[in-house]
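This report concerns only the one structure given below.
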Amino acid sequence: MSLKIAAENYFPELVEKAKENIVVVVREYNEESDKEAVEELESKCEIGERGKPTLVTDLMGDPVCRVRHFPSHIVLVAEYGEENEIVGVIRGCIKTVTRGGSSSAYVKVAYLLGLRVSPFYRRLNIGTKLVQNLEEWCKQNGVEYSYMATDCSNEPSINLFTQKFEYIKFRTPTMLVQPVHAHYKSLGPGISIVRLPKRVAESVYRKLYANSEFFPKDIDLILSSKLNLGTFMALPKKYKSFLKWEPKSGSFELPPSFAILSIWNTKEVFKLQLKGVSSLTYACCVGSRVLDAWMPWLRIPSFPDVFRQFGLYFLYGLHMEGKNATWLIKSLCALAHNMARDDGQCGAVVAEVGPRDPVREAIPHWRRFSWADLWCIKKLVHGNDKCAPVPSDWIKSPSSSPVIFVDPRDF
C-alpha cells in the first residue's frame, strides 16, 4: 500500500484539509513533458467497480487524439502541489455549425469533452477550475455557445455542468449499437449501392442538412479525412439512371427514392476493451462466435470479441427519402457491418441520431447495448472577465428540426 493511499485510509480528515491548502494550476498540455502523466491519469479514471464489467478506453498513446481532427482545439491539465503532479485534464474544440431552421444560420460553438480528475483528488474543485479555464479559452476565441455530451445516467457530470456552470439540458440523441457478427449480412435484392465522390457527397450533405442542427460548415474537411471510409448511397436499381452528377462542378440530381450515410473509422483514434465479465458470460459470448463462424448460413447473432481491444465504425450523415427508403438505409447499415466484419479489429457499428429522426427506427441495433445521450449547452457572452449564461431562442425553444447532424469527430 502506498503512503498516499495509507494516509487517506487512516487520516482522511487531515488529508482533505491538507489538500485544500495546496494551489492547483491549470495550464495548456505539453505533449513532450505531459504525455506519460496524462496517460497514467486516464488509466486511473478507467477503473470501474469491483465485480462489474467495465469498458476501458485506450487512446493509443495520444491524449490529443479526441480533438486532433478539429482545426482549433486545446487540451488543458491541472497541476497540484510542489511536485506539479497532473491530477486533471479536459479537452475542447471549436467549430462552426448550423442552428437549424429555414434561416440556415451558422454559429460558432465549442465542444467540451474528456474531463478527468484523479480519484485521489476529487472534491477539490479541480474539475470546476478546468471547465472555467476552458470556457475562458472559448470566450477568447469568439465562441458563442459551448456544449458537452454525456450518458443520461452520468449524474456527477450532469450536475457539474448544469448546477455549477448553468448549462441547460438541450438535446437527447440516441446511441444505437450493432455488434459485428462473424457472418455477412445480406444487402437486399433489387438495391444498388454507389460510392459518392467526395465533392458530390459534400454537395448532397449541404443540401440535405441545410435546415438541421449542428451541421458543420467544414464538412469538406470531414469527408476528406483519412478516417472517413466513404459516403455511400443506396437506391432501387430501377432508379440508378436518375442519379447523375458532374464530377468537376459537383452538381447532382437525386433519385426519387434513396438513402445515404458515411462511415468513420474510430479505431484509428481510440480502442475499447471489456473487462471484468464473469467466466460464464465470457464462455457464452465466445461460444456464439465460434458457432457463427462455423455455420454462417444460420446467421446466429453472435457476440464479437470485445474482451481484447477492438475498434468501432461510426455511421454519420444518415438520411433517407422516398418509397421503401427504410430498406435502403438497412442495406447501407448491412454494408457498413460487412466492411467492419472484413476489418477484423472492429467490434461494433455505431450511429447517433435524434429521437425524432425518421432514420432512427430503420437502423439495426441491439437495444441492450444502446442508450440515450444528453447534450447540455450554454450561451457564452463576451464582456470584461466574465462568462455568463444568457437567454437564447435556440436554447429555450424546442428543436426546429427532427434531424441532428452528429459530427464523427465528436464521437
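The values are calculated or read from the model by the stated rules, or taken from the named source; none is laboratory data. Given the structure is predicted, the values throughout are model-derived calculations rather than measurements. Cβ placement follows ideal geometry from the backbone for every residue including glycine, while neighbour counts extend to all protein chains displayed. What goes into the accessible areas is simple: the full protein's heavy atoms, side chains included, and nothing from ligands, DNA or RNA. Shrake-Rupley method; radii C 1.70, N 1.55, O 1.52, S 1.80 Å.
Of the residues in the stretch 152-169, how many are touching a Phe, Trp or Tyr at 6+ places or on another chain (Cβ under 6 Å) and open to solvent by 20 Å² or more (accessible area, probe 1.4 Å)? Please lay out each step first, then the result.
Keep residues of the stretch 152-169 that are touching a Phe, Trp or Tyr at 6+ places or on another chain (Cβ under 6 Å), which gives 161, 167.
Retained after the next criterion (residues that are open to solvent by 20 Å² or more (accessible area, probe 1.4 Å)): none.
Of the residues in that region, 0 qualify.
Applying the selection to the stretch 315-343, what residues are without any contact (Cβ under 8 Å) to a residue 60 or more places away in the chain and either within 12 Å of Phe232 (Cβ to Cβ) or among the hydrophobic types (A, V, I, L, M, F, W, C) (or both)? Give the derivation first.
Within the stretch 315-343, the subset without any contact (Cβ under 8 Å) to a residue 60 or more places away in the chain is 315, 318, 326, 342.
Passing the criteria: Leu315, Leu318.
Taking Glu42, is it within 20 Å of the chain's Cα centre (by Cα) and in contact (Cβ under 8 Å) with a residue 60 or more places away in the chain? Talk me through it step by step, then tell me what you get.
Numbers: within 20 Å of the chain's Cα centre (by Cα): yes; in contact (Cβ under 8 Å) with a residue 60 or more places away in the chain: yes.
Answer is yes for this residue.
Which residues, taken from the stretch 314-324, are open to solvent by less than 10 Å² (accessible area, probe 1.4 Å) and over 13 Å from Leu208 (Cβ atoms)?
Passing the criteria: Phe314, Leu315.
Out of Ala78, Ala37, I need the residue that is modelled with pLDDT of 85 or more, open to solvent by less than 40 Å² (accessible area, probe 1.4 Å) and in a helix (DSSP H, G or I). Which one? So that I can check it myself, show each step before the final result.
Numbers: Ala78 fails: in a helix (DSSP H, G or I).
Checking each option against the conditions leaves just Ala37.
Please determine, by comparing only the residues of the stretch 273-289 that are open to solvent by 50 Å² or more (accessible area, probe 1.4 Å) and touching a strand residue (DSSP E or B) at 6+ places or on another chain (Cβ under 9 Å), which one is farthest from Phe310 (Cα to Cα). Steps first, please.
Quick first cut of the stretch 273-289, residues open to solvent by 50 Å² or more (accessible area, probe 1.4 Å) only: 275-276, 278-284, 286, 289.
Among the residues that remain, those that are also touching a strand residue (DSSP E or B) at 6+ places or on another chain (Cβ under 9 Å) are: 275-276.
Values: Lys275: 12, Gly276: 16 Å.
The extreme case among them is Gly276.
Of the conditions (1) closer than 17 Å to Asn338 by Cα; (2) touching a Lys or Arg at 6+ places or on another chain (Cβ under 7 Å), Glu166 satisfies every one except a single condition; which number is it?
(1)
Can you tell me which condition Leu254 does not meet? The list is (1) of a type in the set (A, V, I, L, M); (2) at pLDDT 90 or above; (3) buried (at least 18 other Cβ atoms within 10 Å of the Cβ), and all the others hold.
Here Leu254 clears every test but (2).
Working only within the stretch 104-140, note down all residues that are open to solvent by 60 Å² or more (accessible area, probe 1.4 Å), more than 29 Å from Val56 (Cα to Cα), in contact (Cβ under 8 Å) with a residue 40 or more places away in the chain and of a type outside the set (Asp, Glu).
Scanning the stretch 104-140 gives a single hit, Tyr106.
If a residue must be surrounded by fewer than 20 Cβ atoms within 10 Å (Cβ to Cβ), in contact with an Asp or Glu (Cβ under 9 Å, 6 or more places away or on another chain) and either within 16 Å of Lys378 (Cα to Cα) or without any contact (Cβ under 8 Å) to a residue 24 or more places away in the chain (or both), how many such residues does the stretch 81-103 contain?
The qualifying residues number 1.
Which numbered condition trips up Pro236, out of (1) surrounded by 15 or more Cβ atoms within 10 Å (Cβ to Cβ); (2) touching a helix residue (DSSP H, G or I) at 6+ places or on another chain (Cβ under 6 Å)?
(2)
Quickly run through the stretch 284-307 and pick out the residues that are of a type in the set (S, T, N, Q) and in contact (Cβ under 8 Å) with a residue 40 or more places away in the chain. Break it down into steps so the answer makes sense when it comes.
Quick first cut of the stretch 284-307, residues of a type in the set (S, T, N, Q) only: 288, 302.
Hit for the stretch 284-307 is Ser302, nothing else.
Just to be sure I understand, how many residues within the stretch 343-362 are open to solvent by 10 Å² or more (accessible area, probe 1.4 Å) and outside any strand (DSSP E or B)?
So the answer is 9.
Only residues that are farther than 28 Å from Asn338 by Cβ and either surrounded by fewer than 17 Cβ atoms within 10 Å (Cβ to Cβ) or hydroxyl-bearing (Ser, Thr, Tyr) (or both): list them for the stretch 213-232, please.
Lys217, Asp218
So which strands (runs of 3 or more DSSP E) are wholly in the stretch 222-340 and hold at least 3 residues that are out of contact with any Gly (no Cβ under 9 Å at 6 or more places or on another chain)? Quick ask: steps written out before the conclusion?
On the way: elements: 228-236, 258-265, 271-275, 311-321.
Qualifying strands (runs of 3 or more DSSP E): 228-236, 311-321.
Within the stretch 150-187, work out how many residues are outside any helix (DSSP H, G or I) and under 26 Å from Gly311 (Cα atoms).
Initial filter on the stretch 150-187 (outside any helix (DSSP H, G or I)): 150-154, 165-187.
Checking which are under 26 Å from Gly311 (Cα atoms) leaves us with 150-154, 172-187.
The total comes to 21.
Report whether or not Tyr147 is of a type outside the set (A, V, I, L, M), touching a strand residue (DSSP E or B) at 6+ places or on another chain (Cβ under 8 Å), part of a strand (DSSP E or B) and open to solvent by less than 20 Å² (accessible area, probe 1.4 Å). Walk me through how you get there before you give the answer.
Numbers: of a type outside the set (A, V, I, L, M): yes; touching a strand residue (DSSP E or B) at 6+ places or on another chain (Cβ under 8 Å): yes; part of a strand (DSSP E or B): yes; open to solvent by less than 20 Å² (accessible area, probe 1.4 Å): yes.
The answer is yes for Tyr147.
Out of the residues in the stretch 55-75 meeting the condition of being of a type in the set (Val, Ile, Thr) and open to solvent by less than 30 Å² (accessible area, probe 1.4 Å), tell me which one is nearest to Ile126 (Cα to Cα).
Taking the stretch 55-75 as the starting set, the residues that turn out to be of a type in the set (Val, Ile, Thr) are 56-57, 64, 67, 74-75.
Those left that are additionally open to solvent by less than 30 Å² (accessible area, probe 1.4 Å): 64, 67, 74-75.
Numbers: Val64: 20, Val67: 21, Ile74: 18, Val75: 15 Å.
Among those residues, the one meeting the criterion is Val75.
Could you tell me which residue of the stretch 207-233 is nearest to Thr172 (Cα to Cα), considering only residues that are modelled with pLDDT of 95 or more and of a type in the set (Lys, Arg)?
Lys217
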